[in-house]
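Here, each number is a calculation from the coordinates, and none is a lab measurement. Computed from a predicted model, the values in this text were never measured in an experiment. Positions of Cβ are backbone-derived with ideal geometry, glycine not excepted, and every protein chain shown enters the neighbour counts.
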Ligand SMILES: NC(=O)c1ccc[n+]([C@@H]2O[C@H](COP(=O)([O-])OP(=O)(O)OC[C@H]3O[C@@H](n4cnc5c(N)ncnc54)[C@H](O)[C@@H]3O)[C@@H](O)[C@H]2O)c1
């Protein structure tokens, strides 16, 4: 699949849940040139998550925006009419903080599970009332694999979770199952993409629990010392936000992806051999070094692994994205160093809105 997926969106009505957040707003920016009939953004602006009106202020006239606590997925009365008029939905609303989900599992349950059941109930009602066609792409997470048996790296979609690292993985895994259950029972086309460590412009930057790389970028830009737990040897699979958006668009546009789960990741098997793309799988320590070099500021130091964080540590993680490559032609295009450079540049110009 080349670039032809782009024409799929022309004339479509598209709903993005969590659309004022990091990923949703990046998606909205990329959708506008594809000439959809309507892009609807819905976001409850849950405190301390990534919703930020600055994320969409330069494109607001191209969007229909429903922002604020009334526009919560749990509010079926408000959300159902938006589903009714949509051809496809990027269901990106959620809580991203792993640490937050451990400290407050009920909060995570509310946003990552219960809210989505309300959303799916609204979808069901639309279908029962005669809606003809609906496709939903759900944003899953690598956290659904929990603590991965290291001999299964890079992890592919068939890996079954054995040990959860935090409540978020459990909630999001259940929610993914619910999407497919509603899909098969009520005639909704469903796909899910399990995202890894995303980074880039418009990310929440005031919470160390939401994305280690973005937090490192902030610390380095502020001339602080980045702490590497246990030497920072853990490998992570980092994906630049534009690559993630490219995957969302390709999955939504293809019928082949209906009923399927996809990993986003940096290992892709081509002609039977794994290729590691973009140098995107890197130890946390090496990433810190790269960030400090590119930001031209900051330092890093190793500290013992904090006892309270050990249970959250999944071990090395990197994903096999061959299925995404084979089905829709996706592969990461932005190498890690380039992505960090673009991100630092963005925050140099926009720091006051994100710090
Ligand atoms: N950012 C990552 O590294 C990453 C990794 C894996 C998975 N994901 C998934 O991708 C999706 C998007 O993540 P993001 O980084 O853009 O997060 P974000 O925090 O920037 O955006 C999420 C948005 O969802 C909104 N929201 C949450 N619950 C809602 C509800 N019940 N009703 C309406 N709005 C609600 C929040 O207000 C927020 O603006 C999430 O589902 C997340 O779990 C992200």
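Worth a mention:
- The share of C-alpha pairs in the stretch 202-301 whose separation exceeds 18 Å stands at 58 percent.
- Each residue, residue 233 and residue 177, gets one label point 7 Å from its Cα in the Cβ direction; the gap between the two is 3.5 nm.
- Normalised by the number of residues in the chain, the average gap of Cα pairs under 8 Å and 6 or more apart makes the relative contact order 18 percent.
- Extended-chain gain in nm, criterion 0.36 nm per residue less alpha-carbon gap, residue 4 and residue 45: 11.4 nm
- Angle between the chain longest axis and helix 167-186 axis [Cα atoms, degrees, rounded to 10]: 20
- Degrees separating the helix 284-295 axis from the principal Cα axis of the chain, which is the longest one: 90
- Each Cα pair of the chain feeds into the Kirkwood radius, which the Stokes-Einstein equation turns, at 10 °C and 1.306 mPa s, into a diffusion coefficient of 78 µm²/s.
- For the stretch 198-212, the residues whose backbone nitrogen is under 18 Å from a point 7 Å from the Cα of residue 104, taken along Cα to Cβ, are 204-211.
- Gaussian network model of the chain, springs between alpha carbon atoms under 10 Å - residue of 22, 177, 119 with greatest fluctuation: 177
- DSSP bridge pairs, the stretch 31-141: antiparallel proportion in percent, nearest 5: 0
- For the stretch 158-234, the normalised intensity computed at q = 0.24 Å⁻¹ comes to -1.18 (log10 of I(q)/I(0), Debye sum over alpha carbons, equal scatterers, no solvent).
- Extension gain, residue 62 to residue 348, is 100.4 nm, computed as 0.36 nm per intervening residue step minus the present C-alpha separation.
- Overall dimensions of the stretch 10-51 as given by Cα atoms, namely Rg and Dmax in Å: 10.8, 35
- Computed on the stretch 226-326, with alpha-carbon pairs under 8 angstrom and 6+ residues apart, the relative contact order is 50 percent.
- Between helix 212-221 and the chain there is an angle of about 60 degrees, using the helix long axis and the longest principal axis of the Cα atoms.
- Helix-only CD estimate at 222 nm, as mean residue ellipticity for the chain, using -39500 (n - 2.57) per DSSP H run (n ≥ 4): -10500 deg cm²/dmol
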